[in-house]
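Here is the structure we will look at, set down as structure tokens.
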Amino acid sequence: MTFFNLSIQKRFLVSLCLLPLVIYVVFFEAIALNANYVAYDDIHVLQIVEQWQNAASWREKLNWLTIGFPEHRIVFTRLVVLLSYWLTGSVNFKTLMVLSNLLWVGQLGILFKVFRKLNLSFAYFIPLCWIVLNVHSFENIFWGTSSLGNFGLLFFTMMAAYGYTQLSPKYSWVGILFSIFATFSYGNGLLTFLIGGTILALSNRWKEMKLTLGAFVLTMGLYALTHSHASPSSLDLTKAENYLQAIICFLAFIGSSVNFDAYSPSTLAQWLSVVFGGVLLTVNVWALLRHTTIAKGQTIVRPDVANPETTTTQTIVRPDIANPTLSLFKKYTITLRLNKVQWFALYMLLFVCLTSLGVVYKRAEWDGLYGMFKGRYRMYPTWMLILTYLLVLDWNREKITQKWLAIGMGIVVIFNALVLYYAIAPAVNNRRMAVAQEFNSMYNADLLGLKMFDLTGADFLRLQKLYQPSLFFRQYEKQWTASTDSLSTNGNFKVDSVFWSNKNLNVYYHRDFIRPVKNMDDGAFVVLKSASHVYMAAGMQQALPLKTFLRRGWYWDRGFMATFVPGAVVKGNYRMYVLLRQNGVSELLDTEEQVTF
């Protein structure tokens, strides 16, 4: 092959590697970078700015920094919020989102270092890029402060995993350092210490394990000194039937990548996820334990000095190891033969499984199987795909051919594209709901959502100054605050139906297409106005069926559906309006409908 042709081939591979990143960035820019709206969790975290400023002592400052949320210690998130405020005088959620997503993308750097130990062509790394850069966890991609905690935790955990599994004392310190970071990013970060200690014990690195244990005890001491809130009710393990439910939910959670639609999984997709989760778990466990033996006698596992990429079994007892054997029933010894890639995969698998069990314990009681498919959790099923791919490469590295690579590339590209197709509509709808929440919080001091987070309307408006949102609906502010239900409009807008269903008020329109042109704020927002209150609900849009999208190139279906929950609306008589925003221009229109709550 000539140098010129080789150069073209390299450029093609690099382009294939960068293409999912380009898609990810375009998706992010289109949805996140046009709005600076918040979730109430963001508002709760924002309070650290005032709490820090008003604290009388450093002890009080540190107390506010480390206080539980509710059982999590989100020190990393609060520090970044404070740093943003100190540097700019405000808190820009878009900047926080960018930083969070850089941490997620940054995992590829760690994975590349692990991948290089397989001694395979760079071409085999490209599928990993397409797996990592899918947008299944879009809730975290666009969630200002929560994404810092979640993506920060995962980056720190992967760094800790790399440190603990390099079979070197200096790298163990990397593991310990990032375990501390993970612990004070999110609650399950504590697992990084426990799993790291387990890995060190299994590889007979007892000195490093003692150091890790000491760091863990010290960190737990700091952890215990901070205040926490009670966790919500969890799965009742006193009921025998709940154990079967827990197993099903656990498998569905780790296998939920097979369900492309995060918020509307069909019954078939839910059970396919259970099966797929079982397959992934089986493949991972088999790939890790295929060289494991159980035999009589004392055997130890330690790295081969001549070839540190492998481990060898020796039947000697080292004087610096207190317990050189891993005994089974005091008669047999389990011998592990793992290389660095497998140690890394074992660490990550334990973290994913333990975290998944934690989610099942917290959510399965109330959310059931359906609750395992929320978009905010999809990072962990993605990690299961990553681990499976690495272990399959490790298992078959001598036999894998370009044909299988081509098939694998086709699968991950289709997977990434399907996830993207099903994620756009709910991600855009989430941003529009954030617009409506901002509206309702600004103009209703007695809003139920504010009360749930112990906030008043004045608290919200004061904290809003910290992030200074650009709000298109403010051009009608005098009308929103007027003591009348009759507003000046630019014309009429006839909705198809207004009806009650499951105690909620639904507004349905299906006559025409309302496509976003300038940005994702374009769309319809239904407004209810009485003499004393005003409420907004986002018009939720659906994607056209996949076949129609592929045939016609149109994504959005006709019309919208808006829903008002009675518990969040003060009783009274309301007139209904539509704030229609097209190509960045807003119009207030009268539906000529009236409703009573």
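Its Cα gyration tensor gives the chain an equivalent ellipsoid. The semi-axes, each the square root of 5 times an eigenvalue, are 48, 29, 22 Å from largest down.
Calculated over the stretch 505-580, the projected area of the Cα convex hull averaged across directions stands at 6.0 nm². For the chain, the relative contact order is 15 percent, taking Cα pairs closer than 8 Å that sit 6 or more residues apart in sequence and dividing their mean separation by the residue count.
Give the cross-link partners of residue 571 among the lysines, using a straight C-alpha distance below 26 Å as the criterion and excluding same-chain residues fewer than 8 apart. The reachable lysines, counting only those whose Cα sits under 26 Å from residue 571, are 451, 478, 494, 503, 529. Normalised by 2.2 N^0.38 Å, where N is the number of residues, the C-alpha radius of gyration of the stretch 428-596 stands at 1.05. Of the DSSP beta bridges with both residues in the chain, give the percent that are antiparallel, rounding to the nearest 5. Counting DSSP beta bridges with both partners in the chain, the antiparallel share is about 100 percent. Relative to the longest principal axis of the Cα atoms of the chain, the long axis of helix 402-443 makes an angle of roughly 40 degrees. Cross-link partners for residue 170 among the lysines, with Cα-Cα distance under 25 Å and sequence neighbours closer than 8 places in the same chain left out: 113, 117, 207, 210, 340. Longest span of the chain, sites excluded, free of trypsin sites (Lys or Arg not before Pro) in DSSP loop with at most 12 other C-beta atoms within 10 Å? By the stated rule (loop sites, at most 12 other Cβ atoms within 10 Å), 1-238.
From its DSSP helices (H runs of at least four residues, each -39,500 (n - 2.57)), the chain gives a residue-normalised ellipticity at 222 nm of -17500 deg cm²/dmol.
The listed residues 477, 29, 592 rank as 592, 29, 477 when sorted by accessible area, largest first, using a 1.4 Å probe. At q = 0.13, 0.15 Å⁻¹, what log₁₀ I(q)/I(0) does a Debye calculation on the Cα points of the stretch 24-162 give, no solvent, two decimals? At q = 0.13, 0.15 Å⁻¹ the computed log10 ratios are -0.64, -0.80.
With axes computed from alpha carbons, what is the tilt in degrees of helix 340-367 against the longest principal axis of the chain, rounded to the nearest 10 within 0 to 90? The helix 340-367 is inclined about 40 degrees to the chain.
The values are calculated or read from the model by the stated rules, or taken from the named source; none is laboratory data. Treat the numbers as computed from the prediction; the structure is a model and nothing was measured. Using ideal geometry, Cβ is built from the backbone for each residue, glycine included, and neighbour counts are taken over all protein chains shown. Quick note on the areas: whole protein, heavy atoms, side chains included, nothing else; ligands and nucleic acids left out. Shrake-Rupley method; radii C 1.70, N 1.55, O 1.52, S 1.80 Å.
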